[in-house]
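Worksheet: the structure to be examined is printed underneath.
The values are calculated or read from the model by the stated rules, or taken from the named source; none is laboratory data. What you see is a predicted model, and the numbers here were worked out from it, not measured in a lab. Don't worry about glycine lacking a Cβ; one is built from the backbone with ideal geometry, like all the others, and counts go over all protein chains shown. Heads up: the accessible areas ignore ligands, DNA and RNA and are worked out on the full protein's heavy atoms, side chains in. Shrake-Rupley method; radii C 1.70, N 1.55, O 1.52, S 1.80 Å.
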Amino acid sequence: LQVIVTEIAVFKHRRALSSRMFTVFMSYPVVSALVMSFQIINEYWLMSGCSGAVTMILMYLAIQSDRIEIDYKSGLKTEQYLARTMGKKIRPCTLTMISVENLGVMQETFGSTEVDNMIYNLVRMFRMCIDGNFYRNGSKFMVVSCHGAMEDLEAQIKEAFSRYNRNLSRLGSGYSFEYMAVSVSVPEDTDSYKDAVEILKGLMVKARKEKTSCIVHSNDAFINEFRRKKTIIKILERELNAESKQYQVYFQPIVSMKDNRFVYAEALSRLIDTELGNISPAEFIPIAENNGLIEKLGKVNFEKVCEFISHNRDVVKAVSVNFSVYQMLNPDIKDFVFGIFHQYHIETKNIYVEITGTSLIDDFEVVRERMEEFVKAGIVFYLDDFGTGFSNFANVIRLPFYTIKIDRSFVLMMEKDEAMLKLVKNLISTFKDSNLKILVEGVETAEQDLIVKSTGVDYIQGFLYSKPLPMTSYIELLREQ
């Protein structure tokens, strides 16, 4: 009788339950019957009275799982729930992200309990003013509305915040909720919930730059940029391997002032002849950094360089390669490097390692320890792009660098400003007093070349001497000099 009453109550209040909870409660009698039948048939397998307990445990676990997907402070389902349901089947709709920008400030001012009450009342105002279903993830709310509802949503969201902030003003709080809202059409603008959220995050960055609280809609240019980025990620995932023909290494020769000839080159990554054509490293390297592919790119670059050296030992004496901070922080980096050396019979004198100055801000001590281990094994380090980002002079001196590579921006400043030329000369003199070699990159004109040479540098790199060359062209250049 108790089971029958429970089932009737569940059916009557089914709209207040999630579909999962409704299914669990309605299937309770069936599950209980199956467990009891199993016990009767196999009486030695289950202890007496265990059948009811097993069923209750299953129900308890299902209920707890459902509770995880409810934000009880606001009474809304979580974004986790939305991601799970929309991940199963994407339907045409308008997906909007509303970010409460000053939630942290409000919590510091009024306390978490009071702000939780404010959020609860704000959600009530959402329901009064905005057409759609709401989901919460911290300071962000997701709204699923009818397809093509963007224009109406903008007015509705403005009205909701305006009315609620007026209520706060009447209470004399002196504060109001600040917000940003962005919107995207699904599936016209995207094919999956994950892609839709990525687009919304990009639009949110745009909204913050524009400092607008109005809805920022996705447009064709933004979507095309997003899809191009996704395609580049797929290309990188596919082509980052030693056998790839589309990911190639080019070499930009570096000339020695002492010998007046090319003595080595910097290895540069290139993506050529892809479905998007040739892709600039200025575009694909940041994408690799932001999507966890930069370490793999560095490893493939390094292996290709070592293979290149092993096939051209008669003319190629050394190549400088770029290592990201992620590679230097990897505890297996030393084993990887010397494993590749062993595979291609490379000596430490054949490779110079360049590390950017900005990468040395975080985890400085770990980077220093790894560098010292390599130096003891015979590896030479360059500080790349000195003069860009953050380059702490004291840290430069503390780290075991052999050469400082001065960025092209210094060349341009020396060309325009006599005081800057004097400053750079003094800087170079200080570095050389510390037994550091100096390389200047980005020299493109004869005038720049004269200025740079007057500072007493050891090496010069730039288009005036040579552009980055494919492997065969670089070998020909070395043979001709």
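Give the residue, chosen from Ile272, Ile287, that is aliphatic (A, V, I, L, M) and assigned to a helix (DSSP H, G or I).
Result of the check over Ile272, Ile287: Ile287.
Specify which of the listed residues (Arg313, Arg370) is open to solvent by 30 Å² or more (accessible area, probe 1.4 Å) and within 22 Å of Lys405 (Cα to Cα).
Arg370
Can you name every residue in segment 265-297 that is free of Cβ contacts under 8 Å to residues at least 24 places away in the same chain, over 19 Å from Ala242 (Cα atoms) and of a type outside the set (A, V, I, L, M, F, W, C)?
We begin by selecting, within segment 265-297, every residue free of Cβ contacts under 8 Å to residues at least 24 places away in the same chain; these are 277-278, 280-282, 285-286, 290, 292.
Checking the rest, the ones that are also over 19 Å from Ala242 (Cα atoms) come to 277, 280, 282, 286, 290.
Gly277, Ser280, Pro286, Asn290, listed by residue number.
Within the set of pairs 6+ apart or on separate chains, which have a first residue in segment 371-382 that is within 16 Å of Leu436 (Cβ to Cβ), a second that is modelled with pLDDT under 95 and among the small types (Gly, Ala, Ser), and C-beta atoms under 7 Å apart?
Within 7 Å, no pair qualifies.
With a cut-off of at least 1 residues that are at pLDDT 90 or above, name the helices (runs of 4 or more DSSP H) lying wholly within segment 350-465.
It comes to 364-377, 408-416, 418-433, 446-454.
Asp433 passes all but one of (1) open to solvent by less than 40 Å² (accessible area, probe 1.4 Å); (2) within 17 Å of Leu383 (Cβ to Cβ); which number fails?
So the condition that Asp433 fails would be (1).
Collect the residues in segment 439-470 that are in contact with a Phe, Trp or Tyr (Cβ under 6 Å, 6 or more places away or on another chain) and surrounded by 17 or more Cβ atoms within 10 Å (Cβ to Cβ), keeping them in residue-number order.
Leu439, Pro468, Leu469
Taking segment 69-113 only, how many residues are among the aromatic types (Phe, Trp, Tyr) and either free of Cβ contacts under 8 Å to residues at least 24 places away in the same chain or touching a helix residue (DSSP H, G or I) at 6+ places or on another chain (Cβ under 8 Å) (or both)? Give the steps one after another, and end with the answer.
Step one: list which residues in segment 69-113 are among the aromatic types (Phe, Trp, Tyr), which gives 72, 81, 110.
Applying the additional criterion that residues be either free of Cβ contacts under 8 Å to residues at least 24 places away in the same chain or touching a helix residue (DSSP H, G or I) at 6+ places or on another chain (Cβ under 8 Å) (or both) yields 72, 110.
Number of matching residues: 2.
Consider Val305 carefully, then state whether it is part of a loop (DSSP other than H, G, I, E, B) and either of a type in the set (Gly, Ala, Ser) or open to solvent by less than 50 Å² (accessible area, probe 1.4 Å) (or both).
Against the criterion (part of a loop (DSSP other than H, G, I, E, B) and either of a type in the set (Gly, Ala, Ser) or open to solvent by less than 50 Å² (accessible area, probe 1.4 Å) (or both)), Val305 does not qualify.
Please find, among Leu122, Leu171, the residue that is of a type outside the set (Phe, Trp, Tyr) and either at pLDDT below 90 or at positive phi (or both).
Step by step, each of Leu122, Leu171 is checked, and only Leu171 is of a type outside the set (Phe, Trp, Tyr) and either at pLDDT below 90 or at positive phi (or both).
Do we find a residue being assigned to a helix (DSSP H, G or I), open to solvent by 10 Å² or more (accessible area, probe 1.4 Å) and among the acidic types (Asp, Glu) anywhere in segment 89-103?
no
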